[in-house]
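Next up is a structure, given as structure tokens.
The values are calculated or read from the model by the stated rules, or taken from the named source; none is laboratory data. Everything quoted here is computed from the prediction, not taken from an experiment. Cβ placement follows ideal geometry from the backbone for every residue including glycine, while neighbour counts extend to all protein chains displayed. Accessible surface is based on the protein model in full, side chains and every heavy atom, while ligands, DNA and RNA are left aside. Shrake-Rupley method; radii C 1.70, N 1.55, O 1.52, S 1.80 Å.
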Amino acid sequence: MMEMNGFTIVDPLVPTEEIMRGGPPRDGIPSIDTPKFISANKTQLQPHDKVLGITLNGVSKAYPINILNFHELVNDVFEDQSVAVSFCPLCGTGIAFDRQVKGSIRTFGVSGLLYNSDLLMYDRESESLWSQIEGKAINGPEKGALLKRIPLEHTHWGVWKAQHPTTLVLSEDTGYWRNYQSSPYPNYHQSDRTYFPVSHTDKRYHPKTWVIGIEVGSEKKVYPFPELAKTSGKLTDIISNQTFLIEYNSSANSAKVYDSDGKPVPAITAFWFAWMTFHPESQVFKAVATPR
């Protein structure tokens, strides 16, 4: 048993020595709990600015990465569905979750702790710690519980706005003073180093290569963007006897996944190192060279 950032760590589901302090204390990176939104025509976003986009219950919303870099979590609501929008700048992972756990709505905060360089969230109701990439509680009363993922797109503002002209946009009026035009992680995306150690590394690609990964039960497959760039931009693949369509947008350097019925799949866009440290057994897609 040990205390870290005000959390009592007891027999966690991950090695205790791999849970690390990221620097800020609990809530030192403040979640946005009462988000405000503006219309698409009032934002100052530029076409190539990155956003996380969600369409749910007939409502579309965009969450600019330049805001999420400073807050990492937004506790939001889509009509009557409570959603946590999470972003880990160190792993490049934007993942949305249903905030309902065992019949009650949870409010998530930033613990200031990391596992495998990834955000450990906590819910304020039980103070359980949750691994963002795994979507699983690794410590506390909810240990072992899983969060339901909600599909989102990690894309450019111009692409999202063209597809969703009535989208709302998370406002910079967050209640906190931050310079949202700057980055707290300058040059991190280009560096081949991570700020914190991880349990597994794979040198087949640059650590910060963008990928999109799919989980089907115990089977995982990851699609590095440099491989997707060698395709027509659309490909079908079969994972665990299920058919998926993967679409890659070279201009936005983004990808999304659909099932055989054309419904969006909650795949994860991430840096190569982040996906592989959590899923070292993952299959890796390689584009087949086209004969000339």
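Ignoring ligands and nucleic acids, what accessible area does Val10 show with a 1.4 Å probe (Å², nearest 10)?
We get 70 Å² for Val10.
Just to compare against my own numbers: the Cα pair-distance distribution for the range 73-227, 10 Å bins, whole % per bin, please.
Whole-percent P(r) values from 0 Å outward: 9, 33, 39, 18, 1.
Another one. With r defined as the distance between the Cβ atoms of Val77 and Arg178 and R0 fixed at 25 Å, what FRET efficiency is calculated, to the nearest 0.05?
Numbers: r = 23 Å, r/R0 = 0.92.
With R0 = 25 Å, the Cβ-Cβ based efficiency is 0.60.
If you don't mind, another one. If you filter the range 101-208 for trypsin sites (Lys or Arg not before Pro), then keep DSSP loop positions with at most 11 other Cβ within 10 Å, what is left?
On the way: sites: Lys102, Arg106, Arg124, Lys136, Lys143, Lys148, Arg149, Lys161, Arg178, Arg193, Lys203, Arg204, Lys208; in loops: Lys102, Arg106, Arg124, Lys143, Lys148, Arg178, Arg193, Lys203, Arg204, Lys208.
Those satisfying the criteria are Lys102, Arg193, Lys203, Arg204.
Return the carbon/sulfur percentage of the accessible area of the range 71-122, one whole number, probe 1.4 Å, all protein chains in place. Intermediate values should be presented prior to the final figure.
Details: 450 of 1100 Å².
Carbon and sulfur: 41 percent of the exposed surface of the range 71-122.
Is the C-alpha gyration tensor of the range 150-292 telling us rounded, prolate or oblate? Criteria: a/c under 1.5 is rounded; beyond that, a/b larger than b/c is prolate, otherwise oblate. Please report the intermediate quantities before stating the final value.
Working: a/c = 1.71, a/b = 1.22, b/c = 1.40.
The shape class here is oblate.
Same structure, new question: Based on the Cβ-Cβ distance of Asn41 and Asp98, what FRET efficiency does E = 1/(1 + (r/R0)^6) give at R0 = 25 Å, to the nearest 0.05?
Working: r = 30 Å, r/R0 = 1.21.
Plugging the Cβ-Cβ distance into 1/(1 + (r/R0)^6) gives 0.25.
How much accessible surface area, in Å² rounded to 10, belongs to the heavy atoms of His48 with a 1.4 Å probe?
130
Report the far tail of the P(r) of the chain, meaning the percent of Cα-Cα pairs longer than 23 Å. Mind showing how you got there, number by number?
On the way: 22951 of 42486 pairs.
For the chain, the fraction of Cα-Cα distances above 23 Å is 54 percent.
Here is a further query. Test of the criteria: in the range 147-254, which chymotrypsin sites (Phe, Trp or Tyr not before Pro) are in a DSSP loop and have at most 15 other Cβ atoms within 10 angstrom of their Cβ?
Working: sites: Trp157, Trp160, Tyr176, Trp177, Tyr180, Tyr188, Tyr195, Tyr205, Trp210, Phe244, Tyr248; in loops: Tyr176, Trp177, Tyr180, Tyr188, Tyr195, Tyr205.
Listed in order of number, the matching sites are Tyr176, Trp177, Tyr195.
Estimate the FRET efficiency between Thr107 and Val288 by the formula 1/(1 + (r/R0)^6), using the beta-carbon distance for r and 45 Å for R0, to the nearest 0.05. Numbers along the way, then the final one.
Details: r = 47 Å, r/R0 = 1.04.
Rounded to the nearest 0.05, the efficiency is 0.45.
Just subtract the alpha-carbon distance of Asp11 and Asn241 from 0.36 nm times their residue separation and send over the number in nm, one decimal. Show your work: numbers first, answer last.
Details: separation 230, 0.36 × 230 = 82.80 nm, distance 3.60 nm.
Length gained between Asp11 and Asn241: 79.2 nm.
Let me ask something additional. Would you mind counting up the charge near Lys61? Only other residues with Cβ under 13 Å from its Cβ, with Lys and Arg at +1 and Asp and Glu at -1.
Details: positive: Lys36, Lys161; negative: Asp76, Glu79, Glu153.
With Lys, Arg at +1 and Asp, Glu at -1, the net is -1.
Rounded to the nearest 20 Debye, what is the dipole magnitude of the chain about its Cα centre when Lys and Arg each give +1 and Asp and Glu each give -1 at the C-beta?
Working: 28 positive and 31 negative charges, 171 e Å.
For this selection, approximately 820 debye.
Report the local net charge at Asp192: Lys and Arg +1, Asp and Glu -1, summed over other residues whose C-beta lies under 11 Å from its C-beta. Walk me through the numbers before you get to the answer.
On the way: positive: Arg193, Lys203, Lys208; negative: none.
Cβ neighbours under 11 Å give a net charge of +3.
Simple spin-label model, 7 Å along Cα-to-Cβ: Lys203 to Tyr185 in nm?
A separation of 2.4 nm, rounded to one decimal place.
What figure, in Å² to the nearest 10, do you get for the accessible area of Ser254 with a 1.4 Å probe and non-protein molecules left out?
Accessible area, nearest 10 Å²: 10 Å².
Now for a different question. Whole Å is fine, so just give me how far the alpha carbon centre of the range 78-114 lies from that of the range 13-56.
The two parts, judged by their Cα centres, are 9 Å apart.
Ignoring any ligand, DNA or RNA, what whole percent of the accessible area of the range 135-263 comes from carbon and sulfur when the probe is 1.4 angstrom?
On the way: 3340 of 6970 Å².
That fraction is 48 percent.
Keeping all protein chains in place, calculate the accessible area per residue for the chain (probe 1.4 angstrom), answer in Å².
Details: 13450 Å² over 292 residues.
Value returned for the chain: 46 Å² of accessible area per residue.
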